[in-house]
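Student: Mind looking over this structure? Questions follow.
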Amino acid sequence: MSVPIYKQLNGKIDIKHLRNAVAAADYGSFRQAAEALNIKQSTLSRSILHLEHATSIRLFERSPGGVAVSRLGSAFIRMARTVLEQINEFDLSIASPSRNEVLRIGFCTSLSAGGLRANLLDFRGRFPEFQLAMLERRRSRLSTKLQNGTLDVIVSTGKLPLECKSIALWSERVLIALSDYRRLSGRDVIY
């Protein structure tokens with residue numbers, strides 16, 4: 001008979017532990033995850049060790065090339081993502097839609113840098129009275145949240161799977177890097 005994870009917990013788990021574990025899983029590296037979270041690698045490593053101790057599960061397989069989520073760890077990471085998603089949704093729900101100073105924005109993972117960041121910084125500078133509540137998800141999930149009123153605005157690439165008013169914010173060049181040994185590398189334009 002298997003015992004649910006929550007019955008096995010030997011210690012306290014904080015939200016930051018879950019965020020650190022999900023970041024490590026996403027980046028496949030404690031170093032890169034720590035950089036993305038703007039914390040020390042040793043802090044992230046201790047956080048992962050704490051989780052592994054609290055759950056009695058080896059969450060990651062470590063190697064010189066980075067980390068990979070273990071078989072048992074993948075179930076835990078999936079649950080951690082769900083918990084973090086629900087916490088983010090709660091944060092958005094308490095950002096009252098009736099108060100004009102809160103703007104709830106959803107965006108796709110692929111937009112988390114570059115043009116979006118520049119536009120949000122410009123918006124904050126021009127309209128400091130607005131507080132921005134941001135949520136990062138897949139396009140289909142963002143569309144659902146816009147329809148049910150959880151979000152006020154979606155910033156996305158491509159066409160959304162719903163009927164709504166949309167405007168183009170910016171365009172940018174997309175570059176591709178190829179090895180010299182690839183057949184396409186001699187071309188100036190690739191379709």
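The values are calculated or read from the model by the stated rules, or taken from the named source; none is laboratory data. Just so we're clear, the structure is a prediction, and the values are computed from it rather than from any experiment. Glycine also receives a Cβ, built like all others from the backbone with ideal geometry; neighbour counts cover every protein chain displayed.
Student: From the list 39, 57, which one is modelled with pLDDT of 90 or more and in a loop (DSSP other than H, G, I, E, B)? Full working, then the answer.
Tutor: Details: 57 fails: modelled with pLDDT of 90 or more.
Residue meeting the stated conditions: 39.
Student: Further question: Looking at 156, 140, which is the one that is modelled with pLDDT of 75 or more, loosely packed, with under 13 Cβ neighbours inside 10 Å, within 20 Å of the chain's Cα centre (by Cα) and small (Gly, Ala, Ser)? Spell out how you get there, then give the answer.
Tutor: On the way: 156 fails: loosely packed, with under 13 Cβ neighbours inside 10 Å.
Unique residue meeting the criteria: 140.
Student: On to the next question. Starting from the range 28-42, take each residue that is without any contact (Cβ under 8 Å) to a residue 60 or more places away in the chain and list its partners that are crowded, with 16+ Cβ neighbours inside 10 Å and of a type outside the set (A, V, I, L, M), counting only C-beta distances under 6 angstrom and pairs at least six apart or across chains.
Tutor: Listed by first residue and then by second, the contacts come to 28/66; 29/66; 30/45; 33/27; 41/30.
Student: Counting only residues that are outside any loop (DSSP other than H, G, I, E, B) and surrounded by fewer than 17 Cβ atoms within 10 Å (Cβ to Cβ), which one in the range 16-31 is nearest to the chain's Cα centre (by Cα)? Before the answer, list the steps.
Tutor: Filtering the range 16-31 for residues outside any loop (DSSP other than H, G, I, E, B) gives 16-27, 30-31.
Of the ones still in play, those that are also surrounded by fewer than 17 Cβ atoms within 10 Å (Cβ to Cβ) are 16, 26, 31.
On the way: 16: 14, 26: 9, 31: 17 Å.
In this case the residue turns out to be 26.
Student: Among the numbered criteria (1) closer than 15 Å to residue 17 by Cα; (2) touching an Asp or Glu at 6+ places or on another chain (Cβ under 9 Å), which single criterion is violated by residue 70?
Tutor: Every condition holds for residue 70 apart from (1).
Student: Then there's this: Which of the numbered conditions does residue 13 fail, given that it passes all the others? Conditions: (1) over 17 Å from the mean Cα position of the chain (by Cα); (2) part of a helix (DSSP H, G or I); (3) among the β-branched types (Val, Ile, Thr).
Tutor: (2)
Student: For residue 189, indicate whether it is in the same structural domain as residue 135 (by TED's automatic domain parsing), at pLDDT below 75 and out of contact with any strand residue (DSSP E or B) (no Cβ under 9 Å at 6 or more places or on another chain). Before the answer, list the steps.
Tutor: On the way: in the same structural domain as residue 135 (by TED's automatic domain parsing): yes; at pLDDT below 75: no; out of contact with any strand residue (DSSP E or B) (no Cβ under 9 Å at 6 or more places or on another chain): yes.
The answer is no for residue 189.
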